[in-house]
Each structure stands twice: as C-alpha cells, then as structure tokens.
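Participant: Can you read through this structure? Questions will come right after.
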Number of protein chains: 2
Amino acid sequence: MTSPPPGGLIQGNDDEGGTVARLRFNISMSLDGFIAGPHQSEQEPLGEGGMQLHEWVFGLEAWRESHGREGGEVNPSTAVVDGWTENVGAAVMGRNMFGGRGPRGDDPWNGWWGDDPPFHMPVFIVTHHARAPVTMQGGTSFHFVTDGIGSALDQAKEAAGGKDVNLGGGAQVAQQYLRAGLIDEVQISLVPVLLGAGARLFDDLGSMPIGLEPTRTVAAPGVTHLAYRVVK
Amino acid sequence: MTSPPPGGLIQGNDDEGGTVARLRFNISMSLDGFIAGPHQSEQEPLGEGGMQLHEWVFGLEAWRESHGREGGEVNPSTAVVDGWTENVGAAVMGRNMFGGRGPRGDDPWNGWWGDDPPFHMPVFIVTHHARAPVTMQGGTSFHFVTDGIGSALDQAKEAAGGKDVNLGGGAQVAQQYLRAGLIDEVQISLVPVLLGAGARLFDDLGSMPIGLEPTRTVAAPGVTHLAYRVVK
C-alpha cells in the first residue's frame, strides 16, 4: 500500500513541472457493482437498499463533522474521508444526485442536501434544465450547466483555482465522464452487500479500453477502499 | 485485517465443538464484476480478455509449483494462493469449467486441464451428461454428477474425509450454490480491469438476501484479495 501525497492520492504534473488539477471520483459500490438500489425516488434517492452502501460512513467523526454534527468514530476510514476534500476546490455532479430527475420549472427546491449542504464549495450540476445559480449556506453554491460534461468540468476547474475537482454521481454522469476519459482517479468504497439490482457504476462504458492502476487499498469496518489511477 | 487460522480463513464448529467441512469459493473477478470475458470457446475458455483476470497468478512461485513448473515470484498473493488448497480434500465445478458445454458422447477428451491437472484431489463435476469417472495423473480424479449441486457437494464432502471442499466456476454453477445458501466462504481476487461484458459472478441470485462478513483484505501486485464469510 502506498501513502498518498498531501492533498490527494496522486498529483499530476504539467509539462513545466507544475501541478495540474485532476478530476477525482469517490463512490460507494456494492460488491455486485451497484451504486444505488432499484426504484430511486424522492423518498428513496438511493433506491431500495441503497442506504446500506453508506452505513460505514455515517458513524464516522470525519463525516459527522462535515455535516455539522459532533462525536463519532475514528477508524481506518477516517483518513480516506478526510482525503476526499483535501486540495479540492469545486465539484461536478449529475442532476439526479442534486435533486432527482426532470424539469422543475420555477420550483424553488434546492435538492436533497438541505440549507447547508455538505460540499462547502462551488458545485456544477450537469442538467438539461437551465436555472440561475443558487448560493447556499456554508460556502456551497449550485451552478446549473446545460452544455455538457466538458463545460461543467471546465467551469469547475476554473472555480477550483488550481485545486482538484470532485465528481459526484449518479451512475450516468460518472459513466459519461469515464467514457470521455476525463477522470484521473477513481476511489471505490466497496461495501460487502449484494443489492441484486439498481444502478451499476461500470456499465455502458463503450468500447474504449479504460486502464486502471491500483494506488491504495484500505480495509476498514464495513468497507474496503480501493483507489485507482486512470491510465491515459 | 484478521489472520486466517491454519487451513482456511474460517473454521466452522459443529454442535459438539468439532470442525465442520466447509464449501469455499475462490475466484478472480474484474472490477466490473465479470469472471470471464464474452464469447467463451474451446479456443478461449475464459472468453475475450478473460486471461487478464489471472495474470497476477501466473508469475507466482506458489502457482507455478502446483502446475509442475519451477521458479517464480513471492509476494503478498503467495499466502493467499497457498491457502486455496490448505485443508481442502475435494472440489466441485461446473461442466463448463471442466471442459466446455454440451454432450460429448464417447469423446475421450478430459477437459482443459491436461494429463496432470492442477487439482491433485477428487473433482466432482456438475453436468447433465453421465460418464464413468476418470483417474488422471497427480492425484486428480474427475467424477461426473448428474443429480444436481447438492449431490455433488455431498459426494465431495464424503471424498474430502472431513476436510473442506473447494468450489470452482463457472459463473452459473457458482450462482446455483450461492442461491442455495451452500457456500460458506467467498474469496474474490479483484483485478483492476474492466471487461465490459462476459459472465458476471453476482447475477441472477434470486431474492434471498445473501449476507457477507469481510474477514480479510490483502493488497498485492495487480490484485486485491477480498475474503468474506457467508452469514447464514
């Protein structure tokens, strides 16, 4: 197992030896490959059984802190969760992860994440539905991008000011970024459950081979964290 | 990470405190969940790209030794491969893993595995096609079982004389044993490749929940070994 450098598992270098902002993707996945259960809905955004994928994180002090709560456990997952936001300046995610599918018109709903979302950074949402940016509490702002994943990533990198960009889900937007070869690092938190159905992460990836080089393995209670560099 | 007791990751106990023979399943799986690539054939028994799942093992001294070859590497996979046959007295596998699909009539072909197969123990093959047992070199014998997976396991346990039984593939027979709740231990050697298509291990598992308890994680070159106890 290799130790990550400060600020992420891997740092890229540009031709002049400077560091390059990277797109990092962290996701919890069931052993049978699902990142959400079947029948996702507003009531069950992660689908049936999907919450099991995140049980390992809810008790952690590192997670509770970022969600404004006190107390909690410290275990080998702590460093992994702390690393998620180290040297990260912005995020991109799909409309589904922000707040479910479909147009909302003038519906003022600001997604699943409450008034003080846990991101604390600018978040660029890939969507078909234009909308003015929304500034939330705690440093999170939501920006709605209607001209594709490349544009969302460009805007996120600009906002990140040289830091890395985190990619959230859901599965479809992650697959779009994988197919386009835009992801630099994948970290899978593999959870020992079998969901049997739902949204598969590695599906519909097209015919371009995607090379992965393992960089770190961390065994922790209820989860195994597997980090890979995407070989380009 | 927990260390396995001698002779396997977990030892069961019967009501009198004695040990109970267990069914253990070791398999190499791609990160996207496939244990063989698409288009399996006699020429490519593991399907297109499927050999990539086993590259981590071919250079190991522990593997080469069991296949009658000398030399090779020692790395963290060594103890895992050595453990595969510790305290194991017999094996069960599907017809596909033995020698491809379909009836063969009087065809004397004895499968993919050569005159001195690497099992060195009695192997019980789940098939629809009755055939007399075949004794190979090196302690391997092939026994053809036409009355189902339960019978094959019973016969293997009888032949194992109190030791454990290994389950080979392919995917279909493994799924049958998983659905029937007959597997005690699953060890997945997770390989950082994306096959995109082929035979999925965790597919078609029915509606009975299958509980898995992680027992060991071993990071090694080109592979991460994940061991689980099946909770009953």
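Participant: Listed residues B:I125, B:I188, B:I183; which is in a strand (DSSP E or B) and either closer than 25 Å to B:S77 by Cα or in contact with an Asp or Glu (Cβ under 6 Å, 6 or more places away or on another chain) (or both)?
Facilitator: It is B:I188.
Participant: Just to be sure, is B:G168 more than 13 Å from the chain's Cα centre (by Cα) and farther than 23 Å from A:R200 by Cβ?
Facilitator: Judged against the criteria, B:G168 is not a match.
Participant: Right, something else. Report, by residue number, each residue of the range B:202-232 that is farther than 16 Å from B:E185 by Cα, out of contact with any Pro (no Cβ under 6 Å at 6 or more places or on another chain), more than 7 Å from chain A (Cβ to nearest Cβ) and assigned to a strand (DSSP E or B).
Facilitator: B:V223
Participant: Identify all residues within the range A:35-55 that are crowded, with 19+ Cβ neighbours inside 10 Å and over 25 Å from A:P221 (Cα atoms); write none if there are none.
Facilitator: A:Q40 - this is the single residue of the range A:35-55 that is crowded, with 19+ Cβ neighbours inside 10 Å and over 25 Å from A:P221 (Cα atoms).
Listed here are the residues, each with its yes/no results for (1) among the basic types (K, R); (2) at pLDDT 90 or above; (3) on the phi > 0 side of the Ramachandran plot.
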| position | (1), (2), (3) |
| --- | --- |
| A:R101 | yes, no, no |
| A:D107 | no, no, no |
| A:D115 | no, no, no |
| A:A132 | no, yes, no |
| A:T140 | no, yes, no |
| A:T146 | no, yes, no |
| A:Q155 | no, yes, no |
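Participant: So, in the range A:188-232, exactly how many residues are open to solvent by 10 Å² or more (accessible area, probe 1.4 Å), in contact (Cβ under 8 Å) with a residue 40 or more places away in the chain and either within 22 Å of A:A156 (Cα to Cα) or in contact with a helix residue (DSSP H, G or I) (Cβ under 6 Å, 6 or more places away or on another chain) (or both)?
Facilitator: Residues meeting the conditions: 8.
The values are calculated or read from the model by the stated rules, or taken from the named source; none is laboratory data. Computed from a prediction, not measured in an experiment: that's the story for all the values here. Note that we place each Cβ from the backbone using ideal geometry, even for glycine, and neighbour counts take in every protein chain shown. These area figures cover heavy atoms from the full protein model, side chains too; ligands, DNA and RNA do not enter into them. Shrake-Rupley method; radii C 1.70, N 1.55, O 1.52, S 1.80 Å.
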